[in-house]
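A.B. asks: Next up is a structure, given as structure tokens.
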Amino acid sequence: MAAEALCAAGRPVLICDAMPSPARKFLMAGRSGLNLTKNEPEEMFRAAYGAALPPALDRALAEFGPEAAMAWARGLGQDLFTGSTGRVFPLAWKASPLLRAWLARLTAAGAVLRMRWRWTGWAGAALRFATPQGTWQVQAQATVLALGGASWSRLGSDGTWSARFPPGLTAPFAPSNAGLSVSWSPPMERVFGQAVKAAAWIAGDVVSRGEVVVGARGLEGGGLYALSRPLREGAPLRLDLFPDLTTEALRARLGPAGGRDSLANRLRKRLGLKGVRAALLHEWGRPLPGDLAPLLKALPVRHHGFRPLDEAISTAGGLRFAALTDGLMLHNRAGTFAAGEMLDWDAPTGGYLLTACLATGRLAGIGAAAWIAAAESPRDGARDEENGFSSGSASA
């Protein structure tokens, strides 16, 4: 996206990718369907990124939100469809057709792509790269860094770049959109692979109705991903097995204990509780209390925290927004911009992650193009508030 913005401004662009083929994490994101964005009102869309939206991210999303993301994909020849939950996908489903069209458009615009060029830091004002031909240095008018987060290292996103920045400019990486580790009792093996449906997962003030799969190593699925922020902050996790019924309604349906029916039969016949949901009640609720209704509404989930960082779909942490202007340029390195998952922001899956990566890439590219233009036509002491830099310092 940054390269596209720079090409549109008539600038020659060199794209350096550390991996043997481009956009590997983008392609991985499309393996189960490339969820480009979420088709919903912009206020709702931006609320998914949290209450305290950094000004630069707010600006990026205001200028490139769901409608713009859909128009961009259609401009690359991709027909789209919107699912029942508002998630937007290419009709082709995968990421590869879009990527091929995108790379072809960038190449036609003059962008040059170099593979296996891994950025290793700066050598004075130049960028240093480890390449198959040895160490190369590149002196650029402007640079956009899009170095990724710290998950899925086999795709090139390992977070090691953070060590090349001064202390304090980066926040520690932490899992986001990640599964939870759970030590199960042996009886749970019979429900491994099953999805928990018609339930609500609660952490702090966030409630998620998404599905969660019970696996041998723990819990995984979209129902947990929306809870990443409160779980990282230490909020306990609760499971509401009957989110559409009140505690009193559950008591009434269960009726008094006694009679010929066992508790398991009462739960199955009167509440329809069976399978994986019943198994979780016995796993986390024993010894079962006499008044079962409150437990059914707030079953404590016993877990050991997030799965390892490298397994997370995305990561929180990274380059702090305080280190950047509202145009995503580094305060301490004029002419260098940053974008994408390397920035310290967090969002659930569902189109929010990818749209924000595209939006920040676009904003950084526009800022880089404006920086070059200002450096070529300096105005002593002038300040371009829109792009967040002082053109008087262009020589830096």
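The values are calculated or read from the model by the stated rules, or taken from the named source; none is laboratory data. Because the structure is predicted, anything quoted here is derived from the model rather than measured. All Cβ positions, glycine included, derive from the backbone under ideal geometry; neighbour counts span all protein chains shown.
A.B. asks: Checking GLY33 against (1) within 19 Å of ARG362 (Cβ to Cβ); (2) in contact with a strand residue (DSSP E or B) (Cβ under 9 Å, 6 or more places away or on another chain); (3) outside any helix (DSSP H, G or I): exactly one of these is not met. Which one?
C.D. replies: (1)
A.B. asks: Could you tell me how many of the residues in the range 223-281 are farther than 14 Å from ALA293 by Cα, assigned to a helix (DSSP H, G or I) and touching a residue at least 40 places away in the same chain (Cβ under 8 Å)?
C.D. replies: Here the count works out to 11.
A.B. asks: Considering only residues that are modelled with pLDDT of 95 or more, under 26 Å from the mean Cα position of the chain (by Cα) and of a type outside the set (Ser, Thr, Tyr), which ones fall in the range 355-396?
C.D. replies: ALA356, CYS357, LEU358, ALA359, GLY361, ARG362, LEU363, ALA364, GLY365, ILE366, GLY367, ALA368
A.B. asks: The conditions are (1) out of contact with any strand residue (DSSP E or B) (no Cβ under 6 Å at 6 or more places or on another chain); (2) in a loop (DSSP other than H, G, I, E, B), and HIS303 fails exactly one of them. Which is it?
C.D. replies: (1)
A.B. asks: Could you go through the range 46-61 and let me know if any residue there is surrounded by fewer than 12 Cβ atoms within 10 Å (Cβ to Cβ), farther than 24 Å from PHE337 by Cβ and outside the structural domain of ALA226 (by TED's automatic domain parsing).
C.D. replies: yes
A.B. asks: Right, ARG11: part of a loop (DSSP other than H, G, I, E, B), crowded, with 18+ Cβ neighbours inside 10 Å and in the same structural domain as ALA368 (by TED's automatic domain parsing) or not?
C.D. replies: Yes, satisfied.
Table: residues versus (1) surrounded by 18 or more Cβ atoms within 10 Å (Cβ to Cβ); (2) in a strand (DSSP E or B); (3) without any contact (Cβ under 8 Å) to a residue 60 or more places away in the chain.
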residue: GLU67; (1), (2), (3): no, no, yes
residue: TRP72; (1), (2), (3): yes, no, no
residue: SER84; (1), (2), (3): no, no, yes
residue: PHE89; (1), (2), (3): yes, yes, yes
residue: TRP93; (1), (2), (3): no, no, no
residue: GLY121; (1), (2), (3): no, yes, yes
residue: ALA130; (1), (2), (3): no, yes, yes
